[in-house]
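Okay, so here's the structure we're looking at.
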Amino acid sequence: MQASTRIGAPAPDITLGTPDGKTISVASLKGRAVVLNFWASWCPPCRAEMAALNQVDRDYRARGVMVLGINQMESAPVAAAFMREQQLQFTVALDTDGQATRLYRVSALPTTYFIDKTGVIRDIIYGGPMTRPLIESKVTALLSH
Amino acid sequence: MLPTLRVFGLSIQAPLLAIMVGFMLGLWLTARLANERNLNGNLLFDAGFYGLLAGVIGARIGYVFLNFQAYAREPLSALMPSITALQPEAGWFCGVVFAVIFLWRNKMLRRDVPDIMMPGVVIFATGLALGAFFNGDAFGIPAQLPWSIYLWGEWRHPVQLYELAGLVLILAALLIMMHRRLPAGAVVLAGIALVACLRVFVDGFRADVATVFGLRVTQLAGVVIAVTALWLLGERLSTDSSGSTAQAGVDEPALPKKADPGSSPL
């Protein structure tokens, strides 16, 4: 099946840099359930849901779940400062040129894709803030696929 | 595909907006058609509106119940507004039951009320079709046509728009029927048959419908529903015409100016 950003289709692959100079690709995360969250530090609902995402990443990491935050078009120092301020422990990638934003058709922040272990998109949440129970309920559904 | 609209800096979920506008327009038309028949349109409007509220609350309770473990540690988060934390079946059940009870308590469960509601239901369905168009749901099979739309990486049949156009035609037909002298139940049965026929036609172009032995499930269901509704409609019309023959010479107005005292509650 062709990669696409609709529910039921394989998530499009993209490789992005991280604030600490490494790279990460969506394809490399196959085998893990992924919560792909598009955010920016200036976006109030994004800020409001960071703690919940952090907590879910910590609680479900051992069960094969990973939260991947994609910072939308901010510089590495700005993203890193925000991560320190919010004490974020989940992986953050930088979409400095907006390529991932365009590929995933992100028209509002935050936007969150829930991708199962086989790399298929199972749910999309436009807007926020998401609560921890809401993210947990979506992650539990992901793990059942 | 247009999942969100930017209005004065605010992001509005376009599918939800289309569905809500369809629902409220449907309620408005229902109330207006009821008023034309000297029924209390406000009561029908209230039944729909409170049914919507009950449906949303029921859908949230259903979602929290199904994900109780997640919500047990933070029960207050169940009150957070989010359209994704809803269980649709629970919502439909609660909304319909609440609306029916409301109508029953207000003595509005009459045989002619489903007829009055049917055009409003069709308007609501147009909102759903428009919502699916905005969200890219219920998409069509690939096709290179002058009117194809580019969706999910391919040019496709704009099935959501086919459905929208079909529903507008059905709405027009039902509104014409509403102004004819027809037995109670005729409009709703005709509406169900027409919508089922539309389903059979439109789903022939859809790419995302489950199939059984190569046949689309919704098309099979559509055929069964259409045939049943048409048979019931035929029965209703023949019963009415024999009743009319027995009452030959009795001249009745096309549209009753007062509530029909002979209408019996269901």
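The values are calculated or read from the model by the stated rules, or taken from the named source; none is laboratory data. Given the structure is predicted, the values throughout are model-derived calculations rather than measurements. Because the Cβ atoms are built from the backbone with ideal geometry, glycine has one as well, and the counts that use them run over all protein chains shown. What goes into the accessible areas is simple: the full protein's heavy atoms, side chains included, and nothing from ligands, DNA or RNA. Shrake-Rupley method; radii C 1.70, N 1.55, O 1.52, S 1.80 Å.
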Notebook entry, point to check: For A:Ile70, are the conditions met, namely being open to solvent by less than 10 Å² (accessible area, probe 1.4 Å), away from every other protein chain (no Cβ under 14 Å) and either among the acidic types (Asp, Glu) or touching a Ser or Thr at 6+ places or on another chain (Cβ under 9 Å) (or both)?
Noted result: yes
Notebook entry, point to check: Within the range B:150-170, can you find the residues that are out of contact with any Phe, Trp or Tyr (no Cβ under 7 Å at 6 or more places or on another chain) and within 14 Å of chain A (Cβ to nearest Cβ)?
Noted result: B:Tyr150, B:Gly153, B:Glu154, B:Trp155
Item checked: Every residue from the range B:150-161 that is modelled with pLDDT under 90 and open to solvent by less than 40 Å² (accessible area, probe 1.4 Å) -> B:Leu151, B:Trp152, B:Gly153
Margin query: Restricting to the range A:4-35, and then to whatever is under 18 Å from A:Thr101 (Cβ atoms) and among the hydroxyl-bearing types (Ser, Thr, Tyr), can you tell me which residue is most open to solvent (accessible area, probe 1.4 Å)?
Written below: A:Thr23
Check: Could you list, in sequence order, the residues of the range B:204-229 that are in contact (Cβ under 8 Å) with a residue 40 or more places away in the chain and either surrounded by 17 or more Cβ atoms within 10 Å (Cβ to Cβ) or not charged (D, E, K, R) (or both)?
Finding: B:Phe205, B:Arg206, B:Ala207, B:Ala229
Check: Residues of the range A:112-126 being open to solvent by less than 20 Å² (accessible area, probe 1.4 Å) and in contact with a Ser or Thr (Cβ under 6 Å, 6 or more places away or on another chain), which ones?
Finding: A:Ile125
Notebook entry, point to check: For the range A:88-145, which strands (runs of 3 or more DSSP E) that fit wholly inside it have 3 or more residues that are within 9 Å of another protein chain (Cβ to nearest Cβ)?
Noted result: A:121-126
Note to self: Checking B:Pro146 against (1) farther than 30 Å from B:Ala186 by Cα; (2) more than 14 Å from chain A (Cβ to nearest Cβ); (3) touching a Phe, Trp or Tyr at 6+ places or on another chain (Cβ under 9 Å); (4) not aliphatic (A, V, I, L, M), only one condition comes out false. Which one?
What the structure shows: (3)
Checklist line | Which listed residue is modelled with pLDDT of 85 or more, closer than 30 Å to B:Leu151 by Cβ and either in a loop (DSSP other than H, G, I, E, B) or out of contact with any Ser or Thr (no Cβ under 8 Å at 6 or more places or on another chain) (or both), from B:Thr218, B:Thr228 | finding: B:Thr218
Notebook entry, point to check: When you scan the range B:1-107 for helices (runs of 4 or more DSSP H) that lie fully inside it, which ones turn up with 1 or more residues that are away from chain A (no Cβ under 11 Å) and open to solvent by less than 20 Å² (accessible area, probe 1.4 Å)?
Noted result: B:14-36, B:41-66, B:88-105
Checklist line | Selection status of B:Leu145, surrounded by fewer than 22 Cβ atoms within 10 Å (Cβ to Cβ), at pLDDT below 95, among the aliphatic types (A, V, I, L, M) and out of contact with any Cys (no Cβ under 7 Å at 6 or more places or on another chain) | finding: yes
Check: Which is within 14 Å of the chain's Cα centre (by Cα) and polar (S, T, N, Q), of A:Thr5, A:Thr23?
Finding: A:Thr5
Item checked: Condition met for B:Ala138 (out of contact with any Gly (no Cβ under 9 Å at 6 or more places or on another chain), in contact (Cβ under 8 Å) with a residue 24 or more places away in the chain, within 14 Å of another protein chain (Cβ to nearest Cβ) and not in a helix (DSSP H, G or I)) -> yes
Check: Out of the range A:74-101, which residues are β-branched (Val, Ile, Thr) and open to solvent by 30 Å² or more (accessible area, probe 1.4 Å)?
Finding: A:Val78, A:Thr91, A:Thr96
